[in-house]
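Novice: Got a structure here, written out as structure tokens. Questions coming.
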Amino acid sequence: MNWRAQGAQIRQRIGISLQETQFSDKLTVRETLALFRSFYPRGLAPAEAMARVGLEEKAHAWIKHLSGGQRQRLAIAAALVGDPALLFLDEPTTGLDPHSRRHLWEIIGECRRQGRTTLLTTHYMEEAERLCDRVAIVDQGRVIASGSPRELIAQLGGHHVVEFALSAPEGNCQPTAFWHDLPSVVNCRQEANAIHLSVSEPHRVLPALVERLEQRRWQLSSLVTRHASLDDVFVTLTGRQLLHGDQPHT
């Protein structure tokens, strides 16, 4: 299908939730969903749409009395009420508290289990890694990497990250090449006085790291080992951390 010849049919098959959606403050949740449902020849009953996003108790509440998280859930319900095959979600969890964010993750995950295709834009790498089957990283208007989260992380060459900081300032200021020759290290970067090593075998690099520090009488002030993430992929590809307000998306 194409927009020029079949625009009306396409609109019946898609649902859209924008980063910020303006509803009429003095309509109730049920009235708002009834209005959106009237735009489609078939779809979900307002009560079912509310149940899918956990807003049954707010059915008769005015929009202006909803919290930020409840408004976002209503926006997704409005996008779902036409029973779309393709769902567009534009940064649906930006600005939400952790509880509301995880609630929306559950809703998006349920859409996935129902067989809907969801196109999600987000600044949160953890969100993309948890929810998406396929990820495209966009930087400065260009797709710089794409694939499944597992594939993108595998491109780092190391599935684990060792993060550490030293109490000795001169240790934290060493060039990355100073650490790169440690066993199983495939990539090294420095962020905010901490060294991040992408490694393939943590059990090999840790004894060698401790031995090197002992030789120079440097002491660790912190040490963390973890699995590599999409955030590590982003920083490696762009050379910078993703901060709130940046434009790169997945």
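Novice: Right, residue 52: open to solvent by 50 Å² or more (accessible area, probe 1.4 Å), touching a Pro at 6+ places or on another chain (Cβ under 7 Å) and either assigned to a helix (DSSP H, G or I) or basic (Lys, Arg) (or both) or not?
Specialist: In short, no.
Novice: Another question, then. Could you tell me which numbered condition residue 92 fails, if it satisfies all but one of (1) touching a Leu at 6+ places or on another chain (Cβ under 6 Å); (2) under 12 Å from residue 21 (Cα atoms); (3) at pLDDT 90 or above?
Specialist: Condition not satisfied by residue 92: (3).
Novice: For the range 188-222, which residues satisfy the criterion of being free of Cβ contacts under 8 Å to residues at least 12 places away in the same chain, part of a helix (DSSP H, G or I) and under 32 Å from the mean Cα position of the chain (by Cα)?
Specialist: Within the range 188-222, 203 is the sole residue that qualifies.
Novice: Name the residues in the range 55-73 that are assigned to a helix (DSSP H, G or I) and within 15 Å of residue 28 (Cβ to Cβ), would you?
Specialist: 56, 57, 58, 63, 64, 65, 70, 71, 73, listed by residue number.
The rows are residues; the columns are (1) acidic (Asp, Glu); (2) modelled with pLDDT of 90 or more; (3) open to solvent by 50 Å² or more (accessible area, probe 1.4 Å).
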position	(1), (2), (3)
81	no, yes, no
87	no, yes, no
142	no, yes, yes
155	no, no, yes
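Novice: Also: Hey, among 146, 167, 184, which residue is polar (S, T, N, Q) and closer than 30 Å to residue 119 by Cβ?
Specialist: Only one candidate qualifies: 146.
Novice: Return the residue satisfying two criteria in turn: it lies in the range 27-68 and is of a type in the set (Val, Ile, Thr) and out of contact with any His (no Cβ under 6 Å at 6 or more places or on another chain), and of such residues it is nearest to residue 107 (Cα to Cα).
Specialist: 53
Yes or no, residue by residue, for (1) in contact (Cβ under 8 Å) with a residue 60 or more places away in the chain; (2) open to solvent by 50 Å² or more (accessible area, probe 1.4 Å); (3) closer than 24 Å to residue 7 by Cα:
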| residue | (1), (2), (3) |
| --- | --- |
| 40 | no, no, yes |
| 75 | no, no, yes |
| 84 | yes, no, yes |
| 90 | yes, yes, yes |
| 101 | no, no, no |
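Novice: Restricting attention to the range 107-122, and to residues there that are at pLDDT 90 or above and out of contact with any Phe, Trp or Tyr (no Cβ under 9 Å at 6 or more places or on another chain), which single residue is surrounded by the fewest Cβ atoms within 10 Å (Cβ to Cβ)?
Specialist: My answer is 117.
Conditions tested, residue by residue: (1) surrounded by 15 or more Cβ atoms within 10 Å (Cβ to Cβ); (2) hydrophobic (A, V, I, L, M, F, W, C); (3) at pLDDT below 90.
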position	(1), (2), (3)
161	yes, yes, no
182	yes, yes, no
202	yes, no, no
236	yes, no, yes
240	no, no, yes
243	no, yes, yes
250	yes, no, yes
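The values are calculated or read from the model by the stated rules, or taken from the named source; none is laboratory data. None of these values were measured; they are calculated from a predicted model. Glycine gets a Cβ as well: all are built from the backbone with ideal geometry, and neighbour counts include every protein chain shown. The area values use the complete protein model at the heavy-atom level, side chains included, leaving out ligands, DNA and RNA. Shrake-Rupley method; radii C 1.70, N 1.55, O 1.52, S 1.80 Å.
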